[in-house]
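Asker: Take a look at this one; I'll ask things after.
A short reminder: the numbers here are calculations on the coordinates, not readings from a lab. Note that the coordinates shown come from a computational prediction; the quantities given were computed from them, not determined experimentally. All Cβ positions, even for glycine, are placed from backbone atoms using ideal geometry, and neighbour counts span all protein chains on display.
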């Protein structure tokens, strides 16, 4: 899977997804401190699912109705880094078909996938 990891995503998560065979670009490598809107636009233009821990992307997607190729929001604060990386890896392994085009929230005890409304 082709992903753009926002700056707030733990290095352990990025490393684990790369080890699992995903292509993960780190947003901070080319544009550190970029505005959320710019990060989302960058992911859309590259056809990447955005991986973030920043709740502001929910506002961009739902209130401002910004187009996206998929957003995965990590709400995993307080978890040990290795456990966080394992959980994210497991979701990408088991729910890969659900993630493109969806807004997904990963929490320690739940995964919520919200698909865009059918416009046909």
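Asker: FRET efficiency for residue 46 and residue 86, Cβ-Cβ distance as r, R0 = 25 Å, nearest 0.05?
Answerer: My answer for the efficiency is 0.40.
Asker: In addition: Express the Stokes-Einstein translational diffusion coefficient of the chain in µm² s⁻¹, to the nearest whole number, given a Kirkwood radius over alpha-carbon pairs, 4 °C and a viscosity of 1.567 mPa s. Can you show the working numbers first?
Answerer: Numbers: Rh = 14.2 Å.
Rounded to a whole number, D works out at 91 µm²/s.
Asker: Over 16 Å, how big is the tail of the calculated P(r) for region 58-120, in percent of all Cα pairs?
Answerer: Percentage above 16 Å: 47.
Asker: Still on this structure, please answer the following. Normalising by the residue count of region 33-120, find the relative contact order in percent from Cα pairs under 8 Å and 6+ residues apart. Intermediate values should be presented prior to the final figure.
Answerer: Details: 106 pairs, mean separation 22.6, N = 88.
Dividing the mean separation by the residue count of region 33-120 yields 26 percent.
Asker: List 86, 59 from most exposed to least, where exposure is judged by having the fewest other Cβ atoms within 10 Å.
Answerer: The most exposed by this proxy come first: 59, 86.
Asker: What percentages make up the Cα-Cα pair-distance distribution of region 16-85 when the bins are 10 Å wide from 0?
Answerer: Distribution as computed: 18, 49, 30, 3 percent.
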